[in-house]
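The values are calculated or read from the model by the stated rules, or taken from the named source; none is laboratory data. In this text, all values refer to a predicted model and were calculated from it rather than measured experimentally. Cβ: placed from backbone, ideal geometry, glycine included. Neighbour counts: every protein chain shown.
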Amino acid sequence: MIISNKTLGLIVIILLIVIVFLNYDSTDTLVGPGTRGLSRSTYLKKCIDLYKKERNPDPKLIKRPPVREIPADMYDEFTMYGKMPNRKYWYINEVYSDSTSNNKTIMQEYSIMDIAKLVEKVKNNEPQPHYGDKVLNELMGNYSSYVKDKSVVVIGTQLPWVEAIAYYHGATYITTLDYTRKKYRVANMNWYHVNDFLDEHIEKRKIEEFDVDLLKKI
């Protein structure tokens, strides 16, 4: 079988295209905190693997019942090295069982008017409705520029007070992650049960990109 120079050249070009395509991800490196120059596909795989690990945690790492006090090795970071001091311990055992987590019923909905009322309280510098203090108001006010025009995720919420503060300071999109199922009827807000968030992102193999992470501490 004789192959003309023209055909041979075409085959070589096709092979080069295939090689470039197969190695594209290895050169498509990510730049940013925690990426360490990983390729996009490798970074995605690591994130999905982490989601799977969080969705099905090692039973040995789960404390039942939950600890009553902040572990000593976590205390400084938990209190932001004294900036958010722990004034009193409240122990509420709210462990959500798998059966509760698998119940897809929406427990509560927040309308635009519900959120607007909370935002109005923030605007008037009123204290947090449940705890009666203004610590979060002041802290987030000092760091308002970090929230404005940013996508924010709030981890752990019973009342969307932190979300209302973020809304007031100009967050463009707010996502709540919690072990309860509630719903926002607000265009730029979304509420996820943690399991639902993990399931969706594992199934669709996607990474949610947030600019700001706010941990709600009860």
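Structure summary
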| read-out | value |
| --- | --- |
| Test: residue in segment 43-61 that is farther than 30 Å from Gly170 by Cβ and over 22 Å from the mean Cα position of the chain (by Cα) | yes |
| Failed item, numbered, when Asp58 is tested on (1) at pLDDT 85 or above; (2) surrounded by 11 or more Cβ atoms within 10 Å (Cβ to Cβ) | (2) |
| Which numbered condition Thr42 fails, given (1) loosely packed, with under 12 Cβ neighbours inside 10 Å; (2) at pLDDT 85 or above | (1) |
| Where a residue in segment 127-149 is more than 17 Å from Gly82 (Cα to Cα) and surrounded by 14 or more Cβ atoms within 10 Å (Cβ to Cβ) and its partner, wherever it lies, is hydrophobic (A, V, I, L, M, F, W, C) and modelled with pLDDT of 90 or more, with Cβ under 6 Å and at least six apart | Gln128/Trp161; Val147/Ala166; Val147/Ala171 |
| Filtered residues of segment 145-176 (kept if over 19 Å from the mean Cα position of the chain (by Cα) and of a type in the set (S, T, N, Q)) | Ser145 |
| Cβ-Cβ under 9 Å pairs, at least 6 apart or on other chains, segment 68-84 side under 22 Å from Asn137 (Cα atoms) and without any contact (Cβ under 8 Å) to a residue 60 or more places away in the chain, far side of a type outside the set (Val, Ile, Thr) and in a loop (DSSP other than H, G, I, E, B) | Asp76/Gly82; Thr79/Pro85; Thr79/Asn86; Thr79/Lys217 |
| Any hit, segment 63-79, residues being of a type in the set (Gly, Ala, Ser), modelled with pLDDT of 75 or more and exposed (fewer than 10 other Cβ atoms within 10 Å of the Cβ) | yes |
| From the options Thr180, Thr176, Thr157, Thr105, residue that is closer than 28 Å to Pro85 by Cβ and in contact (Cβ under 8 Å) with a residue 60 or more places away in the chain | Thr180 |
| Positions within segment 106-122 being of a type in the set (Asp, Glu) and either part of a helix (DSSP H, G or I) or touching a Pro at 6+ places or on another chain (Cβ under 6 Å) (or both), in sequence order | Asp114, Glu120 |
